[in-house]
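Let me begin by presenting the structure, written as structure tokens, before commenting on it.
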Amino acid sequence: MTSSTLPSRRLSVAPMMDWTDRHCRKFHREITRHTWLYTEMVTTGALVYGDVERHLRFNEEEHPVALQLGGSDPKDLATSAKLGQQWGYDEINLNCGCPSERVQKGAFGACLMAEPQLVADCVKAMRDVVDIDVTVKHRIGIDDSESYDFVRDFVGTVAEAGCKTFIVHARNAILKGLSPKENREVPPLKYEYAYQLKRDFPQFEFLINGGIKTLDEIDLHLQHLDGVMLGREAYHNPYLMAQFDQRYYGDDTQVKTREQVLEAMIPYITAQLAKEDRMKLNSITRHMLGLMQNLPGARGFRQTLSDSKKLASGDPRLLLEAAARLSPAVLA
């Protein structure tokens, strides 16, 4: 896709470590055509010194797809961003929101919010070498920096480097004392901070992330902001996204049933298993356990797709066996 043909970022799925790999993104793309998909965070070290193909390969049908980078060295980020564009990504996103200790030791993630000028330097270095958008995903504060002024000044500084799109996880990041899981749940959500950023910087694009689970909530946020990014709800309840194309992008294409989504994944799984001898069926099907969320028989579906003996067979038709645990009327 070119920038002129890319859909808007009204809806997107957040970058989530160990979850939003290329197989997960392929699965999500079978449910929604226009929603933006983001990679797991890829560190600059993995690209500058590691196996670039392993970290950057993706399926062509994933577009629009963004590469999220983790790093704090402008030169390494520029190198990594250039690789991302060469591999065909539609956007480069800088992680300024992850609070994990491992990420902090690398001096990037949420701790970068304490150094807005460094973030601006990183953004400029990347923008100087790529033609695609460079965006930033960040929190509203770190530790006890709870004033709105903190995030306003951060955005203002980074915007001076040419960043025009900000993805706001509307919680503080507590860098000491809370686990990454607790950081997604304990600090209070302050959606109003994101709304205020849009009012103060109307010329820029703001997406909101954090605790959003329903279509009604999405509708509410879109009254104030340019886009909504779903995280864990998109992963655990992916069929929620089946309504996104019609509801938010005006696409009248008939929505796939859950069974049609499963059937569409079988050729992909077959091809992937044939390409890579060491790949296990579970490496793809694990992302699909939530497809029947909230339906009668969902537990049986998950149990079948989690059966180690059945998974060991490597037969992708296991998806249909799992679906048979639900009645045809339920699958429609």
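The values are calculated or read from the model by the stated rules, or taken from the named source; none is laboratory data. Quantities reported herein were computed from a predicted structural model and do not represent experimental measurements. Glycine also receives a Cβ, built like all others from the backbone with ideal geometry; neighbour counts cover every protein chain displayed. Each accessible area value is taken on the protein alone, full model and side chains, heavy atoms only, with ligands, DNA and RNA left out. Shrake-Rupley method; radii C 1.70, N 1.55, O 1.52, S 1.80 Å.
Scan the stretch 176-188 and report the pairs whose first residue is within 10 Å of E101 (Cα to Cα) and whose second residue is of a type in the set (G, A, S), with Cβ atoms within less than 7 Å and a gap of 6+ or a chain change.
From the stretch 176-188, the pairs are P180/S100.
So, in the stretch 3-21, exactly how many residues are within 11 Å of the chain's Cα centre (by Cα) and either open to solvent by less than 80 Å² (accessible area, probe 1.4 Å) or free of Cβ contacts under 8 Å to residues at least 12 places away in the same chain (or both)?
9
Under the condition of being at negative phi and part of a loop (DSSP other than H, G, I, E, B), which residue from the stretch 283-298 is most open to solvent (accessible area, probe 1.4 Å)? If you could, list the steps in order and put the result at the bottom.
Here is the first cut: in the stretch 283-298, the residues at negative phi are 283-293, 295-296, 298.
Next, only the ones that are part of a loop (DSSP other than H, G, I, E, B) stay: 289-293, 295-296.
Working: L289: 50, G290: 10, L291: 1, M292: 1, Q293: 64, L295: 38, P296: 91 Å².
Here the answer is P296.
What's the total number of residues in the stretch 149-167 that are out of contact with any helix residue (DSSP H, G or I) (no Cβ under 7 Å at 6 or more places or on another chain), among the hydrophobic types (A, V, I, L, M, F, W, C) and surrounded by fewer than 21 Cβ atoms within 10 Å (Cβ to Cβ)?
2
Of all residues in the stretch 260-279 being open to solvent by 60 Å² or more (accessible area, probe 1.4 Å) and modelled with pLDDT of 95 or more, which is farthest from W36 (Cα to Cα)?
Only one residue fits best here, namely T270.
With the structure loaded, tell me whether L56 is surrounded by fewer than 23 Cβ atoms within 10 Å (Cβ to Cβ) and in contact with a Phe, Trp or Tyr (Cβ under 8 Å, 6 or more places away or on another chain) or whether it fails that test. Talk me through it step by step, then tell me what you get.
Numbers: surrounded by fewer than 23 Cβ atoms within 10 Å (Cβ to Cβ): yes; in contact with a Phe, Trp or Tyr (Cβ under 8 Å, 6 or more places away or on another chain): yes.
It is true that L56 is surrounded by fewer than 23 Cβ atoms within 10 Å (Cβ to Cβ) and in contact with a Phe, Trp or Tyr (Cβ under 8 Å, 6 or more places away or on another chain).
Condition first: of a type outside the set (D, E, K, R) and part of a helix (DSSP H, G or I). Now tell me which residues in the stretch 212-223 satisfy that.
Residues satisfying the conditions are L215, I218, L220, H221, L222.
If I ask for residues that are closer than 24 Å to L320 by Cα and either in a loop (DSSP other than H, G, I, E, B) or open to solvent by 20 Å² or more (accessible area, probe 1.4 Å) (or both), which ones from the stretch 236-252 would you list?
H236, N237, Y239, L240, Q243
Can you name the residue in the stretch 35-53 that is part of a loop (DSSP other than H, G, I, E, B) and either polar (S, T, N, Q) or touching a Lys or Arg at 6+ places or on another chain (Cβ under 8 Å) (or both) and is also farthest from I284 (Cα to Cα) among such residues?
T35
For the stretch 127-148, enumerate the residues that are open to solvent by less than 30 Å² (accessible area, probe 1.4 Å) and under 20 Å from the mean Cα position of the chain (by Cα).
Matches in the stretch 127-148: V134, T135, V136, K137, H138, R139, I140.
Say we look at the stretch 102-117 and pick out the residues that are in a helix (DSSP H, G or I) and surrounded by fewer than 17 Cβ atoms within 10 Å (Cβ to Cβ); which of these is modelled with the lowest pLDDT?
That would be K105.
State whether the residues of the stretch 91-99 include one that is surrounded by fewer than 21 Cβ atoms within 10 Å (Cβ to Cβ) and of a type outside the set (V, I, T).
No; the residues of the stretch 91-99 include none that is surrounded by fewer than 21 Cβ atoms within 10 Å (Cβ to Cβ) and of a type outside the set (V, I, T).
Output the residue which, of all residues in the stretch 311-321 that are crowded, with 18+ Cβ neighbours inside 10 Å and without any contact (Cβ under 8 Å) to a residue 40 or more places away in the chain, is nearest to A264 (Cα to Cα).
Within the stretch 311-321, the match that is nearest to A264 (Cα to Cα) is L318.
Please enumerate the residues belonging to the stretch 168-211 that are at pLDDT below 95, open to solvent by less than 50 Å² (accessible area, probe 1.4 Å) and in a helix (DSSP H, G or I).
N183
Residue-by-condition table, conditions (1) of a type in the set (K, R); (2) touching a residue at least 60 places away in the same chain (Cβ under 8 Å); (3) at positive phi:
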position: H221; (1), (2), (3): no, no, no
position: D226; (1), (2), (3): no, yes, no
position: G231; (1), (2), (3): no, yes, no
position: V255; (1), (2), (3): no, no, no
position: T270; (1), (2), (3): no, no, no
position: K275; (1), (2), (3): yes, no, no
position: L281; (1), (2), (3): no, no, no
position: G300; (1), (2), (3): no, no, no
position: Q303; (1), (2), (3): no, no, no
